[in-house]
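**Q** Next up is a structure, given as structure tokens.
The values are calculated or read from the model by the stated rules, or taken from the named source; none is laboratory data. Computed from a prediction, not measured in an experiment: that's the story for all the values here. Note: ideal-geometry Cβ built from the backbone for every residue, glycine included; neighbour counts use all protein chains shown.
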Amino acid sequence: MKDNPLYINPVFRREFAVEIARFNIQRGKLLAGVIIGIELLLLCINLLSRSVHTSYKFDWYVLMYMLMIIVTGIVWILLSHLEHTLDQGFINEKALNLTIITYITFIMTWGAVIALLDQALYGNIVVFLVNMLFASFLFYLKNTHIIIPQLIATLVLVVGLPYFQPSSDILIGHYVNVSIFLVFVWLLARTNYANYVRNFLNHKLIEEKSILLAQINNNLVSEIQSRKQAQHELEVANEQLMAISSLDYLTGIPNRRKLDDFLEEQWNTALKEQFPLSIMMIDIDFFKLYNDTNGHIAGDRCLQAVAGVLNRCIREGKDFVARYGGEEFLFVVTGMNKEETMVLGEKLRVEVEALCLEHHISSISTYITISLGINCLIPTSKDLLPDAIGRADQALYQAKRNGRNQVMLAK
């Protein structure tokens, strides 16, 4: 069955039944209205023609017109009732098919009877052919359903023709025309129904593909968003890793590697733009004695406290402080002359001593103190960064020789 191009998936059968039922009901009601109007007009014409054509008897025509009006009115009422139930969500497919097939059979048979009556007047079967064509084409029915009214109406015409048409030549012509026309209208009705089914199936296929494409698109959007989120998280993690890897694990300020990158960048900028660059080498006085006497935990806290003072004194985006190694720190100042740098160095020294970290073994103070060596210069192409750092270190050494707890400017 699934190989049949007109096979309808059970999932869609109710939807198809509702759609084709609504279509047949709408066409049936429209046809009923048109037929009643035409038959009323023909009935009036016949009634007026009785006095003109006294040689003809129109009683059968009047009877047939009235019969068509009555039956069509009943069918219109039935179709209206079926439409109402359909609007409420119920579909009586068998009742609808029976109503439409019965009505089509009546229309075609009625046309056959009129064609028999016309033999005495015109000798043609045009009414039969027109009725069969319109009734076959107007509704969407399976070929096994539409063939029933076609065969019944054709049988009525074929059996009745010899009684109404005396000419054997005309009779033979009618039989040939009816046979050919019967095959034609059956194929036409079959093609009409098949096209309707194909259009329905194509529409459902397009809907399925659209839903599938929408799902694929949503999945792609979700995948893209997930990848963007993962990429963002990875970038954040990398930034955090970079930040962690560039910080001293004990003091939380930048480490030697981060210092080297910053110094190189600032050295090249100062060399290009010719602004002052100051390097402060800072050492905690008698830290080894403090550490040995008070323990490593106290020593670590001392380093953290001093680092905190130094870090609070930097100017954001201009200065930089890092742990240089052991109890040594390096403070980089940009844009300050010698006098300003010396003032800053003295401030650092005073604030560290103000921490009041007791150092009873120190020979210069009862608290932790620092010594600072400063090298302030505007770099030239002849200067080298390692030499500049070395001069700051020499100034620090001189501060220590001079008694510690002081700021010394490199000469």
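**Q** Out of all the residues in region 384-409, which are part of a loop (DSSP other than H, G, I, E, B) and free of Cβ contacts under 8 Å to residues at least 12 places away in the same chain?
**A** Result: L384, N402.
**Q** Here's something else I'd like to know. Which of (1) under 20 Å from N405 (Cα atoms); (2) surrounded by fewer than 18 Cβ atoms within 10 Å (Cβ to Cβ) does V332 not meet, given it meets every other one?
**A** Evaluating V332 over (1) under 20 Å from N405 (Cα atoms); (2) surrounded by fewer than 18 Cβ atoms within 10 Å (Cβ to Cβ) leaves (2) as the failure.
**Q** Looking only at region 343-359, filter to residues that are in contact (Cβ under 8 Å) with a residue 24 or more places away in the chain and part of a loop (DSSP other than H, G, I, E, B); which one of those is farthest from S278 (Cα to Cα)?
**A** It comes out as H359.
**Q** State whether one or more residues within region 73-93 are within 60 Å of the chain's Cα centre (by Cα), modelled with pLDDT under 90 and under 22 Å from N195 (Cβ atoms).
**A** So far as region 73-93 goes, yes, one or more of its residues are within 60 Å of the chain's Cα centre (by Cα), modelled with pLDDT under 90 and under 22 Å from N195 (Cβ atoms).
**Q** Determine if region 87-95 includes at least one residue that is assigned to a loop (DSSP other than H, G, I, E, B) and touching a residue at least 12 places away in the same chain (Cβ under 8 Å). If you could, list the steps in order and put the result at the bottom.
**A** Within region 87-95, the first condition is being assigned to a loop (DSSP other than H, G, I, E, B), and the residues that meet it are 88-92.
Now narrow it down to the ones that are touching a residue at least 12 places away in the same chain (Cβ under 8 Å): 91.
The answer is yes, given that some residue of region 87-95 is assigned to a loop (DSSP other than H, G, I, E, B) and touching a residue at least 12 places away in the same chain (Cβ under 8 Å).
**Q** For Y163, are the conditions met, namely being loosely packed, with under 10 Cβ neighbours inside 10 Å, out of contact with any Gly (no Cβ under 8 Å at 6 or more places or on another chain) and in contact (Cβ under 8 Å) with a residue 40 or more places away in the chain?
**A** So Y163 passes the test.
**Q** Of all residues in region 173-193, which are within 23 Å of N124 (Cα to Cα), aromatic (F, W, Y) and either outside the structural domain of G111 (by TED's automatic domain parsing) or buried (at least 17 other Cβ atoms within 10 Å of the Cβ) (or both)?
**A** Scanning region 173-193 gives F181, W186.
**Q** Condition first: over 16 Å from L330 (Cα atoms) and of a type in the set (A, V, I, L, M). Now tell me which residues in region 378-411 satisfy that.
**A** Within region 378-411, I378, L384 meet the criteria.
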